[in-house]
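S.K.: I'd like to ask some things about the structure below.
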Amino acid sequence: MSLYTTPSVITITCNNRLSPFLAQEVEELGFEILDIFITGLTIKGTINDCIRLNLNLRCASQVLYSLIEFEANNADDIYDQVKDLPWEDIIPDPGYFSVTSNVHNDTINNNMFANLRVKDAIVDRFREKRNTRPETGADLTGAVVHLFWKEEQAELFLDTSGDSLGRHGYRKIPGSAPMLEALAAATVLASKWDLKSPFINPMCGSGTIAIEAALLATNTGPGLFRLNYAFMHLIGFDEDIYLAERGKLEQQINELPGLRIIATDHNERAIENAKKNAKAAGVAHLIEFQVCDFADTEIPENGNGVILMNPEYGLRLGELSELEETYSRIGDFLKQKCGGYYGYVFTGNMGLAKKIGLKAKRRIEFYNSKIDCRLLEYELYKGSRK
């Protein structure tokens, strides 16, 4: 029996509050969602399906293929269940594997102990069956086994991703307060942008939002920026299937003559870094970068596009008094220069957001790391609303 062709439950995780946008992506790939929760969703499929998911999903963190569900009262129960699985048919020899976990059990006060019991069970199984010992470590560069254990219910997965999918791999210079690529993609998906009209990104920082907008518009999949996944390090991996899926990514890229994506920042160094990141992502030719105050950003007339800004929150960067003036100026900029567009402000400080002086049509909930944030949507009318 090959795991690559045997269906099981697949749990796809994401950062908190990204699951609606992850669900949109998964459904567009043709999968039926079984369940959705705040940090992910479940579907059914094979590890070959996991290959496709890993290469295409922008908002995901990990793609987890379920091996077994069981009851576990303590770490010895975990060891016994894990050791019973045929690891000699899953992990190559010689091979390398890592263990990760998400544990909420009263008998465990350190996840590392649970990881150790899983690792010991796999190693002992190899010693009994093959008289060998695979290499193990913390680097997620080989096969990855994931344990989810809450109270008495446990589930063991093959993490087919390895390093988080939330980092798309093109960003070499992140900037001082970077937004995770998966979050940036989700904010663009949450907007009313049609992927054709102008996309304006003042205060662009290291360029992540503008770059993700360009990647979405051109249908450039994140799998083109990464060459190593955990599924590659399992017995049964067929490189031809992987290369075929990667080839589809290359074939589906759209050329969009006339598309205008404008990204500005007052910091010259930030724009230099953003250009380097855009070049690494292969979209530098699609983004018009400019050093200027956000209020001087060019807004194409009759564009009917989207303006998305991610100002400082006053939590990690900036002083509140200065930011109050900045947020007030953002409101003036949106009202006076951006008629006919949808305006979006992503912020983790709703007190500052009040200084914008506009009534938000929608308030979309996000987290940026552990900061409770909102993407505020403003419908900007030309002249008076009447």
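The values are calculated or read from the model by the stated rules, or taken from the named source; none is laboratory data. Everything quoted here is computed from the prediction, not taken from an experiment. Every residue, glycine among them, receives a Cβ derived from its backbone with ideal geometry; neighbour counts consider all protein chains shown.
S.K.: Of all residues in segment 131-156 being touching a Gly at 6+ places or on another chain (Cβ under 8 Å) and either not polar (S, T, N, Q) or not in a loop (DSSP other than H, G, I, E, B) (or both), which is modelled with the lowest pLDDT? Steps first, please.
M.R.: Here is the first cut: in segment 131-156, the ones touching a Gly at 6+ places or on another chain (Cβ under 8 Å) are 134-135, 140-144.
Subset that is either not polar (S, T, N, Q) or not in a loop (DSSP other than H, G, I, E, B) (or both): 134-135, 140, 142-144.
Working: 134: 91, 135: 94, 140: 97, 142: 97, 143: 98, 144: 98.
Here the residue is 134.
S.K.: Examine segment 83-103 for a residue that is out of contact with any Leu (no Cβ under 9 Å at 6 or more places or on another chain) and more than 20 Å from residue 123 (Cα to Cα), and state whether such a residue exists.
M.R.: No, that holds for no residue.
S.K.: Return yes or no: is residue 93 charged (D, E, K, R), at pLDDT below 95 and over 28 Å from residue 18 (Cα atoms)? Give the derivation first.
M.R.: Working: charged (D, E, K, R): yes; at pLDDT below 95: yes; over 28 Å from residue 18 (Cα atoms): yes.
When the stated conditions are applied, residue 93 passes them.
S.K.: Now a separate question. Determine whether segment 239-259 contains at least one residue that is crowded, with 22+ Cβ neighbours inside 10 Å and not in a helix (DSSP H, G or I). I'd like the intermediate steps shown before the answer.
M.R.: Applying the first criterion (crowded, with 22+ Cβ neighbours inside 10 Å) to segment 239-259 yields none.
No; the residues of segment 239-259 include none that is crowded, with 22+ Cβ neighbours inside 10 Å and not in a helix (DSSP H, G or I).
S.K.: Between a first residue in segment 334-354 that is farther than 19 Å from residue 319 by Cβ and a second residue that is in a helix (DSSP H, G or I) and not β-branched (Val, Ile, Thr), which pairs have beta carbons less than 6 Å apart while being 6 or more apart in sequence or on different chains?
M.R.: Close Cβ pairs (under 6 Å, with a partner that is in a helix (DSSP H, G or I) and not β-branched (Val, Ile, Thr)) amount to 343/334.
S.K.: Considering every residue within segment 310-321, establish whether at least one is at pLDDT 95 or above and among the polar types (S, T, N, Q).
M.R.: Within segment 310-321 (the criterion being at pLDDT 95 or above and among the polar types (S, T, N, Q)), the answer is yes, since at least one residue qualifies.
S.K.: Here is a check on your reading of the model: is residue 43 outside any loop (DSSP other than H, G, I, E, B), in contact (Cβ under 8 Å) with a residue 12 or more places away in the chain and within 21 Å of residue 223 (Cα to Cα)? First the steps, then the outcome.
M.R.: Values: outside any loop (DSSP other than H, G, I, E, B): yes; in contact (Cβ under 8 Å) with a residue 12 or more places away in the chain: yes; within 21 Å of residue 223 (Cα to Cα): yes.
Here the answer is yes, as residue 43 does meet what is asked.
S.K.: Quick check on this structure: which one of 106, 93 is closer than 26 Å to residue 228 by Cβ and exposed (fewer than 15 other Cβ atoms within 10 Å of the Cβ)? I'd like the intermediate steps shown before the answer.
M.R.: Working: 106 fails: closer than 26 Å to residue 228 by Cβ.
One residue alone meets the criteria, 93.
S.K.: Right, next: Which of the residues spanning segment 164-183 are in contact with a Ser or Thr (Cβ under 8 Å, 6 or more places away or on another chain) and without any contact (Cβ under 8 Å) to a residue 60 or more places away in the chain?
M.R.: 174, 178
S.K.: Can you find a residue in segment 338-346 that is aliphatic (A, V, I, L, M) and more than 24 Å from residue 195 (Cα to Cα)? Walk me through it before giving the result.
M.R.: Step one: filter segment 338-346 for residues aliphatic (A, V, I, L, M), giving 345.
Still in the running and more than 24 Å from residue 195 (Cα to Cα): none.
No.
S.K.: So for segment 170-189 (the condition being over 19 Å from the mean Cα position of the chain (by Cα), not β-branched (Val, Ile, Thr) and not in a loop (DSSP other than H, G, I, E, B)), does at least one residue qualify?
M.R.: Within segment 170-189, none of the residues are over 19 Å from the mean Cα position of the chain (by Cα), not β-branched (Val, Ile, Thr) and not in a loop (DSSP other than H, G, I, E, B).
S.K.: Which one of these is buried (at least 22 other Cβ atoms within 10 Å of the Cβ) and farther than 22 Å from residue 167 by Cα: 351, 305, 314? Give the derivation first.
M.R.: On the way: 351 fails: buried (at least 22 other Cβ atoms within 10 Å of the Cβ); 314 fails: buried (at least 22 other Cβ atoms within 10 Å of the Cβ).
Of the residues listed, the single one that is buried (at least 22 other Cβ atoms within 10 Å of the Cβ) and farther than 22 Å from residue 167 by Cα is 305.
S.K.: Condition first: surrounded by 13 or more Cβ atoms within 10 Å (Cβ to Cβ), under 30 Å from residue 368 (Cβ atoms) and more than 21 Å from the chain's Cα centre (by Cα). Now tell me which residues in segment 113-146 satisfy that.
M.R.: Passing the criteria: 114, 115.
S.K.: Part of a helix (DSSP H, G or I) and at pLDDT 95 or above - does that describe any residue in segment 61-73? So that I can check it myself, show each step before the final result.
M.R.: Going through segment 61-73, the residues part of a helix (DSSP H, G or I) turn out to be none.
Scanning segment 61-73 turns up no residue that is part of a helix (DSSP H, G or I) and at pLDDT 95 or above.
S.K.: Can you go through 81, 62 and tell me which one is under 15 Å from residue 147 (Cα atoms), crowded, with 17+ Cβ neighbours inside 10 Å and over 31 Å from the mean Cα position of the chain (by Cα)? Give the derivation first.
M.R.: Details: 62 fails: over 31 Å from the mean Cα position of the chain (by Cα).
After applying the criteria, what remains is 81.
S.K.: Give the number of residues within segment 166-184 that are touching a His at 6+ places or on another chain (Cβ under 8 Å) and either hydroxyl-bearing (Ser, Thr, Tyr) or surrounded by fewer than 22 Cβ atoms within 10 Å (Cβ to Cβ) (or both). Steps first, answer last, please.
M.R.: At the first step, the residues of segment 166-184 found to be touching a His at 6+ places or on another chain (Cβ under 8 Å) are 181-182.
Retained after the next criterion (residues that are either hydroxyl-bearing (Ser, Thr, Tyr) or surrounded by fewer than 22 Cβ atoms within 10 Å (Cβ to Cβ) (or both)): none.
Matching residues across segment 166-184 total 0.
S.K.: What residue, among those in segment 368-386 that are charged (D, E, K, R) and within 16 Å of residue 16 (Cα to Cα), is modelled with the lowest pLDDT? Don't jump to the end; show me each part of the working.
M.R.: Applying the first criterion (charged (D, E, K, R)) to segment 368-386 yields 370, 372, 374, 377, 379, 382, 385-386.
Now narrow it down to the ones that are within 16 Å of residue 16 (Cα to Cα): 370, 372, 374.
On the way: 370: 91, 372: 96, 374: 98.
Restricting to residues being charged (D, E, K, R) and within 16 Å of residue 16 (Cα to Cα), the top hit is 370.
S.K.: Right, another one. Of all residues in segment 82-101 being in contact with a helix residue (DSSP H, G or I) (Cβ under 8 Å, 6 or more places away or on another chain) and in a strand (DSSP E or B), which is farthest from residue 154 (Cα to Cα)?
M.R.: That would be 96.
S.K.: Further, regarding this structure: Select from segment 259-278 the residues that are closer than 23 Å to residue 197 by Cα and of a type in the set (Gly, Ala, Ser) and list them in ascending order.
M.R.: 263, 274, 278
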